[in-house]
Amino acid sequence: MSLRVVVSAGEVSGDRHLARVVSVLRARVPDVEIRGMAGAECAAAGVELLVDCYRTGATMGFGDVLRSAGKIFSSFSTMSRLIKEWRPDVLVLVDYPDFNMRLAKVARAAGVKVLYYIPPKVWAWRAGRVEKIKKYVDSVAAIFPFEPAFYEKRGYGNVTYVGHPLGDRVESLTDLRDQSLLMLPGSRRSEVERILPPMLRVFERLAVNRSALTGRVVVAPNMSIEWLEELSRGVLKQESLSRISWIKGDSLEEMKRAGAGILKSGTCNLEGAVAGLPFVSVYSGSNLSKVIVSSLVPLKEYSPVNILRPGTVREVFGVTIDEAELERHVGALLDQGASRDEMLEALSEVRESLMVEKGRVGGSNVPERVANLVVATARADSQVDLKGE
């Protein structure tokens, strides 16, 4: 059975999750052809990249989108042309909602089936997008257990809960953690420029009375260590710089051994929960972003961890990050005490929620379930086996 698939993942996390689906799909359908927008991990799994999302995607915030408009437009034109000319059996969208929902419209006009994996968080804000999903998306692979019911109440039933892609990485943890502060500033240049300097300054102040404290910065695959080091030299004293390590690798593994963390708000927060890492979530956006988000987003907490379990982690958000507040919260997590213990217990509950019905519909075998849905959507086969075993 030949199969043509176009994929669209605009960010590092989406590339990582999609790559695992691609690997399963290629094993099950040997003559499948997969082209589109993704990154290094999908390329390694066998996707023919027409757009490298590490170079042209990965924007966040309304001001960032405006500054990157040329690259985004070029990427969209390339992807639209691919859909219209190559005529795939199915378009697989991963997160990156504003770009991907427009691409879904192009696919629908071209008569191409659409599967959305990791769909827009319409239950958090802009619920009106459900109508566009009903109009342009054939099926949804949801990663939160409450999503099918949310969509069904709004008249859309083609939603399958496949489990969270991080769920199958939940495993037993050890208490062997070092005295380090782990920092994840993100994968977008603009957010790193806003978030990393406050992280580093807070580390420097915390290290004054903690002689054994070291810092580790996880560098995204699309980021240059040299650029981050240059940025940090304008922030820290040389003595503090000597206590910082720059790490490219598996962020989840780094989280499993750190003492505490400062993580930019996003998917990595769920990785922190999986790793049992006490952390503070931070985000710094433009004034425009602040006004729009405060007007349109009904949530009081934004971290994915707090959406699953309200009040689990502290969030420090703002156009300018309040470094005194951040230092206070992180210091409480580095020290043994009630704040740290309470968060560890709460994170344990989040870990368990990601493992719901593991082995049947929960954390394990997520890529297999999504691969099944890709084939089912392409063939319009409502009887596809979703066990993924």
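Looking at (1) surrounded by fewer than 19 Cβ atoms within 10 Å (Cβ to Cβ); (2) under 21 Å from the mean Cα position of the chain (by Cα), which one does Gly157 not meet, given that it meets all the others?
The single condition Gly157 does not satisfy is (2).
Inspect all residues belonging to the stretch 170-180 and state whether any of them is in contact with a strand residue (DSSP E or B) (Cβ under 7 Å, 6 or more places away or on another chain), at pLDDT 95 or above and crowded, with 20+ Cβ neighbours inside 10 Å.
Yes, the conditions are met somewhere in the stretch 170-180.
A quick yes/no check of all residues on (1) in a helix (DSSP H, G or I); (2) among the basic types (Lys, Arg); (3) at pLDDT 95 or above:
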| residue | (1), (2), (3) |
| --- | --- |
| Tyr54 | yes, no, no |
| Thr59 | no, no, no |
| Lys71 | yes, yes, no |
| Met79 | yes, no, yes |
| Arg126 | no, yes, no |
| Val140 | no, no, yes |
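Find all pairs meeting these conditions: Cβ atoms under 6 angstrom apart; at least six residues apart or on different chains; first residue within the stretch 309-326 and in the same structural domain as Leu277 (by TED's automatic domain parsing); second residue buried (at least 21 other Cβ atoms within 10 Å of the Cβ) and assigned to a loop (DSSP other than H, G, I, E, B).
Qualifying pairs under 6 Å: Val313/Ser303; Glu315/Ser303; Ile321/Ser284.
The values are calculated or read from the model by the stated rules, or taken from the named source; none is laboratory data. All of these numbers come straight from a predicted model, not from anything done at the bench. For neighbour counting, all protein chains shown are included, and Cβ atoms are generated from backbone atoms with ideal geometry for every residue, glycine included.
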